[in-house]
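Read the structure below first, then the notes.
The values are calculated or read from the model by the stated rules, or taken from the named source; none is laboratory data. None of the values given here were measured: they were computed from a predicted structure. For neighbour counting, all protein chains shown are included, and Cβ atoms are generated from backbone atoms with ideal geometry for every residue, glycine included. Note: accessible area is taken over every heavy atom of the protein model, side chains too, but ligands, DNA and RNA are not part of it. Shrake-Rupley method; radii C 1.70, N 1.55, O 1.52, S 1.80 Å.
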Amino acid sequence: SHIMSEYVRMTDTERDQIDQDAQIFMRTCADAIHQLRAEAHKGIQSAQVKEHRTAVLDFIEDYLKRVCKLYSEQRAIRVKRVIDKKRL
């Protein structure tokens, strides 16, 4: 608690801005993955290269989904805390 008292806590406005920026960033990443997936096989003849690119894009997309899930869970905790504070 001593360490925490030395730092200024974030305001709700700052948290809201971070949430908004995070959502924009996640949407931008999802769009970029979608574009990469659309362009991944253009001009490629090798089945092995196509398979590799598909696997890499699947991995990246899965990673983004896990990050989004973690973000959603953390945001839900924050919303719950705000609701609990208002009830008090």
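For the residues Ala40, Ala47, Ala32, Ala55, the requirement of being open to solvent by less than 90 Å² (accessible area, probe 1.4 Å), touching a residue at least 12 places away in the same chain (Cβ under 8 Å) and not aromatic (Phe, Trp, Tyr) singles out Ala40.
Out of curiosity, is Arg75 charged (D, E, K, R), open to solvent by 90 Å² or more (accessible area, probe 1.4 Å) and free of Cβ contacts under 8 Å to residues at least 12 places away in the same chain?
Numbers: charged (D, E, K, R): yes; open to solvent by 90 Å² or more (accessible area, probe 1.4 Å): yes; free of Cβ contacts under 8 Å to residues at least 12 places away in the same chain: no.
No.
Before we move on, is Arg15 touching a residue at least 40 places away in the same chain (Cβ under 8 Å) and more than 11 Å from the chain's Cα centre (by Cα)? Against the criterion (touching a residue at least 40 places away in the same chain (Cβ under 8 Å) and more than 11 Å from the chain's Cα centre (by Cα)), Arg15 qualifies.
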